[in-house]
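Heads up, the thing below is written out as structure tokens.
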Amino acid sequence: MGNTNSIPVISQVKSLVQFAGGDSAGALATQEDFAYRNTFPVVSQIASAGYAIGGEMDKARDLQEKFAMDMERVINTIPVAGHIKGGVHYALGQEEEGEEAMKAASRSTGVVLGGIGGFVAGGPPGAVAGGIAGGVVADGIITGSDIVAKGKDGAKPYGYIAVGHEIANAAQGNEKITIEEGFDMALLPVGDGVGGYSGGRLIGKPLGLKPGTVAKITGKEVSVNAVDDVVLKPKSGVVPKQIPPNQLCKSFLNHTSQVYYVQYC
């Protein structure tokens, strides 16, 4: 679960991209990973059971050990839970594991907070953009903190900062980015967008935060929070009045994204 080769559909798309790019060996290796070394929940257990039935106990055990390691990385990315796990590692003197968990959990927190802010500002599309922006900001803070703590030579760039370094090195001819590495890099903002959207929808709504936008109605500002909560706010300072939904052009209401453009019919 902690790598793209184990995720259904994404693994197949990745192989297709590798094959289209001329890396047939890489495409085959990706699908071999998916079929025989898959650490995705349930799929991993079925594969291990198959190995065990076939008498290959070592392979069955190794696969479940990899599954446990991937699940540990997943826990690291969960806000609060990852921080607690990192604290436990530090308490046990496991500095490297503690640092990894703290960084991953802090980054996810940035993505979620960005998603919530984006959700309030622009609904689901804003949550996606906010999640990506939150990831960028978190990566900058994590990398900057690492530089302060360890110095420039000892620090390691994180997330988007690390991707930027790799792209810069490739542009200078210092290293080569494989199709597999490029695919995984491209998935970073996708994952952040999904995380931001999920954070905005799952956390923003229960907190009573509603998406909104501003449109124009005959030259007056309108704050739109929902189909049944449209408030006309004249710039002149007149007391706002409710506009019944049936007085709005229905064709301009987008119920899916909950972001509305409003005008009189």
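Observations on the structure shown:
- Segment 85-136: C-alpha gyration tensor shape, a/c 1.5 cut-off, then a/b vs b/c: prolate
- Count Lys and Arg as plus one, Asp and Glu as minus one, and take only other residues whose Cβ is under 14 Å from that of residue 100; the net charge is then -2.
- Between residue 91 and residue 45, the distance separating the two model label sites (each 7 Å from Cα on the Cα→Cβ line) works out to 2.9 nm.
- Taking all pairs of distinct alpha-carbon atoms in segment 108-202, Kirkwood radius in angstrom: 13.9
- In terms of distances greater than 22 angstrom between alpha carbons, the cross-link table entries 66/152; 14/103; 103/152; 66/176; 59/85 yield 66/152; 14/103; 66/176; 59/85.
- Carbon and sulfur %, accessible surface of segment 52-138 computed with the full protein complex present, 1.4 Å: 69
- Taking every C-alpha pair closer than 8 Å and separated by at least 6 residues, the mean separation divided by the residue count of segment 14-79 gives a relative contact order of 22 percent.
- Residues in segment 114-200 average 50 Å² of solvent-accessible surface per residue, probe 1.4 Å, ligands and nucleic acids excluded.
- Here r is the Cβ-Cβ distance between residue 75 and residue 152 and R0 is 22 Å; the resulting FRET efficiency, rounded to 0.05, is 0.10.
- Spacing of the modelled spin labels on residue 172 and residue 190, each 7 Å from Cα toward Cβ, amounts to 3.0 nm.
- Straightening the chain between residue 29 and residue 61 buys 9.4 nm, computed as 0.36 nm per residue apart minus the Cα-Cα spacing.
The values are calculated or read from the model by the stated rules, or taken from the named source; none is laboratory data. A quick note: this is a predicted structure, and the numbers were derived from the prediction, not measured. So basically every Cβ, Gly included, is an ideal-geometry build from the backbone, and we count neighbours across all protein chains shown. Areas reflect the complete protein model, heavy atoms only, side chains present, ligands, DNA and RNA absent. Shrake-Rupley method; radii C 1.70, N 1.55, O 1.52, S 1.80 Å.
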